[in-house]
1. Can you pull out every residue in region 172-192 that is closer than 15 Å to Pro157 by Cβ and surrounded by fewer than 14 Cβ atoms within 10 Å (Cβ to Cβ)?
2. Among the residues of region 175-188, is any more than 12 Å from the ligand (Cβ to nearest atom), in a loop (DSSP other than H, G, I, E, B) and farther than 18 Å from Leu102 by Cβ?
3. Just one of Ser54, Ser24, Ser74, Ser89 is more than 29 Å from Arg203 (Cα to Cα), part of a loop (DSSP other than H, G, I, E, B) and modelled with pLDDT of 85 or more; which is it?
4. Return yes when Lys122 is within 15 Å of the ligand (Cβ to nearest atom), at pLDDT 95 or above and of a type in the set (Lys, Arg) and no when it is not.
5. Kindly indicate whether Leu198 is within 16 Å of the ligand (Cβ to nearest atom) and in the same structural domain as Arg66 (by TED's automatic domain parsing).
6. Can you tell me which residues in region 160-174 are away from the ligand (no atom under 11 Å from the Cβ), of a type in the set (D, E, K, R) and within 21 Å of the chain's Cα centre (by Cα)?
7. Any residue at all in region 34-56 that's closer than 30 Å to Thr6 by Cα and acidic (Asp, Glu)?
Amino acid sequence: MAKRFTLRVCKITGEINLTIPLKSSQGSAEDFIEKNAHWISHQLKQVIPRDYVSFGKSIPIEGIERVIVPKEKSFTGNILQKKHLYLESDELNLGLVTKRFLLGRASTILTPIFQEQAEHIKERIKSIKFKDTKSRWGSCSSEGSLMINWRLIMAPPSVYRYVVVHEVSHLRHMNHGTKFWELVKKLHPRYLNDRSWLKRNGRSLKKFVFDVSKGDAA
Ligand SMILES: [Zn+2]
């Protein structure tokens, strides 16, 4: 039996759950919600609106909106085209097929940029992990293991290039000091623009749900 009031807001669905002690009066529950109204609205502001992928919908890839279209077996062209992304899937599995495509694309495009930038500053990368992290776009361990969010492949090229440069620069400087930012600027002069793009639009890359069973907005 619950001994005290608890409130929970799901950051993915925006669902609010209230647990109340059995003996409490309804009035005290209302008071409790009233008291926490500010907290609730703050939590709800952080909920990422979900967007499920389906045929006919568009998603940005390398900063360009592409409509997802069913791919026929006989189709031999490039599946990623200027305005379209051709995928062989049924509606039910489309989310996972799209996610697999984006992950593959991220690794194909981003890995050489990582290598090229690391070679350029004569640092060594131990490994690169492509993940779907909640908060950070990338990370770098002191052993040289790098992580990047594959959703960045949806952002404009200059933006994902900035994140790569940022993590590679940590191979030299494990902090965000002046020397670190000087190196970032040297490798990617327009980093300030791209950093603010991420602050303004980063959330829009996280709204797409690919894996419904996992509540994949995170
Ligand atoms: Zn950093």
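The values are calculated or read from the model by the stated rules, or taken from the named source; none is laboratory data. Treat the numbers as computed from the prediction; the structure is a model and nothing was measured. We place every Cβ from the backbone using ideal geometry, glycine too, and count neighbours over all the protein chains shown.
1. Those that are closer than 15 Å to Pro157 by Cβ and surrounded by fewer than 14 Cβ atoms within 10 Å (Cβ to Cβ): Pro189, Arg190.
2. yes
3. Ser74
4. No; evaluated as a whole, the condition is false for this residue.
5. Yes.
6. Passing the criteria: only Arg161.
7. Checked region 34-56: at least one residue is closer than 30 Å to Thr6 by Cα and acidic (Asp, Glu).
Conditions (1) part of a strand (DSSP E or B); (2) within 12 Å of the chain's Cα centre (by Cα); (3) at pLDDT 95 or above; (4) within 16 Å of the ligand (Cβ to nearest atom), marked per residue:
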site	(1), (2), (3), (4)
Phe101	no, no, yes, no
Thr108	no, no, yes, no
Phe130	yes, yes, yes, no
Ser139	yes, no, yes, yes
